[in-house]
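First up is the structure itself, then whatever we jot down about it.
The values are calculated or read from the model by the stated rules, or taken from the named source; none is laboratory data. Computed from a predicted structure; not experimentally measured. Cβ placement follows ideal geometry from the backbone for every residue including glycine, while neighbour counts extend to all protein chains displayed. Just the protein is used for accessible areas: all its heavy atoms, side chains included, with ligands, DNA and RNA removed. Shrake-Rupley method; radii C 1.70, N 1.55, O 1.52, S 1.80 Å.
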Amino acid sequence: MPAGMPSPATLAVALSPPPPHPAAPSTRIIGRRVDRAEGARLICIAGLHGNEPAGVDALERVFAALAAAEAPLAGGLVGLAGNLAALATGRRYLDRDLNRMWSERTLAAVRAGERGAREDAELAELDAALARELAGIPGRRVFLLDLHTTSGDGPAFAVLDDALPNRRFALSFPVPLVLGLEEELVGTLVFDLAARGVTSLAFEGGRHDDPTSIDRCEAAVWIALDATGLLPRDLRARAEAARRLLRTSRGETPQLVEVLYRHRIAEGDRFRMRPGFASFDRVERGQPLASDRDGVVAAPVGGRLLMPLYQPLGDDGFFVARPVARFWFELSATLRRLRADRVLRWLPGVVPHPSAADAYLVHRRIARFVVRDLFHLLGYRRLDAGPSHFVFTRRPEGL
Ligand SMILES: [Zn+2]
């Protein structure tokens, strides 16, 4: 072969597709460190979406730092990878969004051995891994932190099902807290586990490919270790630094917001967000935000924009949320402890559910605004129940 010509081997390397993200884990367990079986257990999930490897990197850093430290944890930390096949290719998912499959129906089918989408096997494995971790530990001693990133810019924030234990956990993180997403999204992991009584939180660290997102996800894990009482004293400085980092990222965003609107995308919509929007940007009612096959997509309500979509895969174009005053948050904790929800049955258009405890049927006509707010305040979440009614069910509060 003439000098200077590339050998076939070099050519093959040059032409092969780029290697997957270096953090793409090949095993479900990123790390597992249980130093005291009877202590709290923090389970962190990363990469439920395959284009969000920041959480995997973050967990690897934390496990490395823990390995280097002498002192034991007061319980256990477990890091699990989500969609392994999608992480290896850097796509959000291959056939189905793994973070929309945690519904009773899909879980039952997959537990019964049904395999259609490639994500069915991922769901089955992750579900089994979680079941192993949860076995034998009382629900309220387990904490779940689900690490994500977004396609658009913005500060880190946390998403929770607004039950009091989730709230207490969430308030340890100096980031904006987003309420009400569980009424818009069906089948997410955190809301499924929250419904099973596990204290749960999803954390959004920033834009997918921003290196700072890894730092923020790592910060979230240190804060969670501290908030659950797991962190040994000589590592507390890590949590302090983590809180400083997230406080800086938060800037002037409100501490609490509630989702008012979800822009759902249907297949063939050709949805395109206008460039330059970030989470928590202020938007006015009627402001053009995106376009689709029907023309301009405008904000139907004013408020704070959340999670504008700047990637090809995903069903949610954007959300609009409104700030909630901290006063209401505190009032609702008091009212829930007093079980003030007993008054709900006296509202017009509200009847106790015929077969379920702590549930009410509410006529759609009145289930908006004030009534919905009242149910939220008293610790209930709304579920869809056909054309004429909603069902509101009480969140597991562990009161
Ligand atoms: Zn995600």
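Express the accessible area of the chain per residue in Å², computed with a 1.4 Å probe while the remaining protein chains stay in the model.
Values: 18220 Å² over 399 residues.
Each residue of the chain exposes 46 Å² on average to a 1.4 Å probe.
Are there GluC sites (Glu not before Pro) in the range 249-308 that DSSP puts in a loop and that have at most 13 other Cβ atoms within 10 Å, and which ones?
Working: sites: Glu252, Glu258, Glu267, Glu284; in loops: Glu252, Glu267, Glu284.
Filter output for the range 249-308: Glu252, Glu267, Glu284.
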Amide hydrogen neighbours beyond the local backbone of His353, cut-off 5 Å, H modeled: Ala359, Tyr360, Leu361
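Let me know the charge dipole size of the chain about its Cα centre in debye, to the nearest 20, where only the beta-carbon of Lys, Arg (+1) and Asp, Glu (-1) is charged. List each step's numbers first, then the result.
On the way: 53 positive and 48 negative charges, 242 e Å.
It works out to roughly 1160 debye.
Which chymotrypsin sites (Phe, Trp or Tyr not before Pro) from the range 39-120 combine a DSSP loop assignment with at most 16 other Cβ atoms within 10 Å? The partial results should precede the final answer.
Details: sites: Phe63, Tyr93, Trp102; in loops: Tyr93, Trp102.
Passing sites in the range 39-120 do not exist.
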Per-selection Kirkwood Rh - the range 111-183 (Cα, Å, 1 d.p.): 15.1 Å
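For the range 211-254, compute Rg over Rh where Rg is the Cα radius of gyration and Rh is the Kirkwood radius from the inverse mean 1/r over Cα pairs.
Details: Rg = 10.8 Å, Rh = 10.7 Å.
That ratio equals 1.01.
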Ordering of 195-201, 86-92, 308-314, 322-328 by burial proxy (mean other Cβ atoms within 10 Å per residue, highest first): 195-201, 86-92, 308-314, 322-328
Two-site label geometry, Ala108 and Ala325: point separation in nm, points 7 Å out along Cα→Cβ: 4.5 nm
Fraction of the pair-distance distribution of the range 155-204 above 15 Å, Cα-Cα pairs, percent: 35 percent
Directionally averaged shadow of the chain, computed from the convex hull of its alpha-carbon atoms, nm²: 24.7 nm²
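Scaled to the compact-protein estimate 2.2 N^0.38 Å, what is the alpha-carbon radius of gyration of the range 18-156, rounded to two decimal places?
Numbers: Rg = 15.5 Å, N = 139, 2.2 N^0.38 = 14.3 Å.
After normalising by residue count via 2.2 N^0.38 Å, the value is 1.08.
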Low-density loop cleavage sites - trypsin sites (Lys or Arg not before Pro) in the range 241-283, where at most 11 other Cβ are within 10 Å (DSSP): Arg270
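Using only helices, what value at 222 nm comes out for the chain when you add -39,500 (n - 2.57) per DSSP H run of length 4 or more and divide by the total residues, to the nearest 500 deg cm²/dmol? Show your work: numbers first, answer last.
Values: 11 runs with 120 residues, N = 399.
Taken over the chain, the calculation gives -9000 deg cm²/dmol.
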Geometric extent, Cα atoms of the range 242-311 - Rg, Dmax (angstrom): 14.1, 45
